[in-house]
1. Against the condition open to solvent by 10 Å² or more (accessible area, probe 1.4 Å), modelled with pLDDT of 95 or more and β-branched (Val, Ile, Thr), how does THR50 come out, does it pass?
2. Can you tell me how many residues within segment 174-196 are within 16 Å of LYS120 (Cα to Cα) and not polar (S, T, N, Q)?
3. So in segment 319-349, with the set limited to residues that are of a type in the set (Val, Ile, Thr) and modelled with pLDDT of 80 or more, which one is most open to solvent (accessible area, probe 1.4 Å)?
4. Of the numbered conditions (1) out of contact with any Pro (no Cβ under 7 Å at 6 or more places or on another chain); (2) touching a residue at least 24 places away in the same chain (Cβ under 8 Å); (3) under 19 Å from GLY164 (Cβ atoms), ASP47 fails exactly one; give the number of that condition.
5. Considering only residues of segment 142-164 that are among the small types (Gly, Ala, Ser) and open to solvent by 30 Å² or more (accessible area, probe 1.4 Å), which is farthest from PHE185 (Cα to Cα)?
6. Where in segment 28-89 are the helices (runs of 4 or more DSSP H), entirely inside, with at least 1 residues that are over 33 Å from the mean Cα position of the chain (by Cα), within 18 Å of GLY100 (Cα to Cα) and of a type outside the set (Val, Ile, Thr)?
7. Among ASP118, ASP127, which is the only one that is charged (D, E, K, R) and in contact (Cβ under 8 Å) with a residue 12 or more places away in the chain?
8. What are the pairs with Cβ atoms under 6 angstrom where one residue, in segment 282-306, is in contact (Cβ under 8 Å) with a residue 60 or more places away in the chain and farther than 14 Å from THR373 by Cα and the other, located anywhere, is open to solvent by less than 80 Å² (accessible area, probe 1.4 Å) and of a type in the set (A, V, I, L, M)? Sequence gap at least six, or different chains.
Amino acid sequence: MTLSDISSKLNSYRCCVVLPTYNNEKTLERVITGVLDYTKDVIIVNDGSTDGTADILQKFPQTIQLHLPKNAGKGNALKTGFNHAVQLGFEYAITLDTDGQHFPSDIPNFVTELDTSDHKKILIIGDRNMNNADVLATSAKGNRVSTFWMKAATGLKLQDSQSGFRLYPIKEMASIRFMKATKKFEFEIEAIVKSYWAGIDIVHVPIKILYDLNERVSHFRPFKDIARMVVLYTWFLLVRLFYITPRNLFRKLKKKGLKRFFLEDFLRHQDSPKKKALSIALGVFLGLSPLWGFHTVIVIFLAILLRLNKVIAFAFSNISFPPFIPLVLLLSLQVGNWVLGIESHFTLEGIQENFDLMQHFEAYLVGSIVLSTTSAAVFGMLGYLFFLIIDRKNVLTHG
């Protein structure tokens, strides 16, 4: 597409460019000039700069300028710019850093991706190719940490989770509640995670990158900012375990109905019998293990980590659901006494009526470990045979 075509597309999609800037006087003018080649809809957020930024911005009266009295961080500047853009009627916003590392000439990459995408609820991230030898070690390290935690917290496998060159669907994101505390670089992480959870697609486009140490002024603090990111990711991981995953499973069940949900999500035809059997084994092992109160969180976390079937693992972890707890306790105690060579005198009625677990804790602990391990192995093998037979019948039926 020609420069005129790009400008027309940006206008038709109601897409502006938001430039947060803080003390980038060496590169700011070049970036603004490059952006104005594509669009006149430019919102510049001066985040309390103390250098010559204000003088430079006077050269560009055709842009919308928001001057913050005090530096509060990139995240705060982006939120300020996005809110203002939505109020002006814009639906998308392209952002890029003003430290000179990004090339405005890559804007067409984002426009083309948006234009050709069937799904317009999309957040596009510029991929800086962080494996490139010219990338600064601190930037590459921060990106590796962020990308690892991004996958753990959401399941998203991104190439570049920290790139500031992006296209945001700001109209769609206007209904998302972002934290007041994410005022710095971590907001760009929050934007990805919460957008993904809200049903917005996350994709990459390739971009060029320039790290000129003579010009570039980076405000990224490796220790403090990475620490803030890890804390945020840890919170998102907990939210995923306690809320997002159960919510998504319930939505699927409600949408598909019990029978279809059972066939598609519980049996999961695309999963191998081995994976399904391991999911059963994991669920049974944790369900019978002495981890009262934490079964659900742990089983979902491990199922995600090990890439097993979350629905199957969760279902079988409920083998210790409240009505079955007395029976599980009885079996664990009897197995424990058998292993320890102690004569067992427990009854189900006695456990239900008046039982002090702490007096028999050693027997229970040993028994629960042995019971959970052997039961996981037995249920896993039986599950493997069951799913193997089901898969072969399906092959014969549809073959």
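1. Numbers: open to solvent by 10 Å² or more (accessible area, probe 1.4 Å): yes; modelled with pLDDT of 95 or more: no; β-branched (Val, Ile, Thr): yes.
The answer is no for THR50.
2. Matching residues across segment 174-196 total 3.
3. Here is the first cut: in segment 319-349, the residues of a type in the set (Val, Ile, Thr) are 319, 325, 328, 335, 339, 342, 347.
Still in the running and modelled with pLDDT of 80 or more: 328, 335, 339, 342.
On the way: VAL328: 9, VAL335: 37, VAL339: 71, ILE342: 88 Å².
Per the criteria, the residue is ILE342.
4. (1)
5. Step one: list which residues in segment 142-164 are among the small types (Gly, Ala, Ser), which gives 142, 146, 152-153, 155, 161, 163-164.
Then keep just the ones that are open to solvent by 30 Å² or more (accessible area, probe 1.4 Å); that gives 152, 155.
Numbers: ALA152: 19, GLY155: 21 Å.
Selected residue: GLY155.
6. Numbers: elements: 28-36, 53-57, 74-87.
The helices (runs of 4 or more DSSP H) meeting that bar are 28-36, 53-57.
7. Details: ASP118 fails: in contact (Cβ under 8 Å) with a residue 12 or more places away in the chain.
From the options ASP118, ASP127, the qualifying one is ASP127.
8. Cβ pairs passing all conditions: PHE301/LEU241.
The values are calculated or read from the model by the stated rules, or taken from the named source; none is laboratory data. Note that the structure is a prediction, hence the values are computed from the model and not measured. Neighbour counts are summed over all protein chains in view; Cβ atoms, including those assigned to glycine, are modelled from backbone coordinates with ideal geometry. All accessible areas refer to the heavy atoms of the entire protein, side chains included, with ligands and DNA or RNA removed. Shrake-Rupley method; radii C 1.70, N 1.55, O 1.52, S 1.80 Å.
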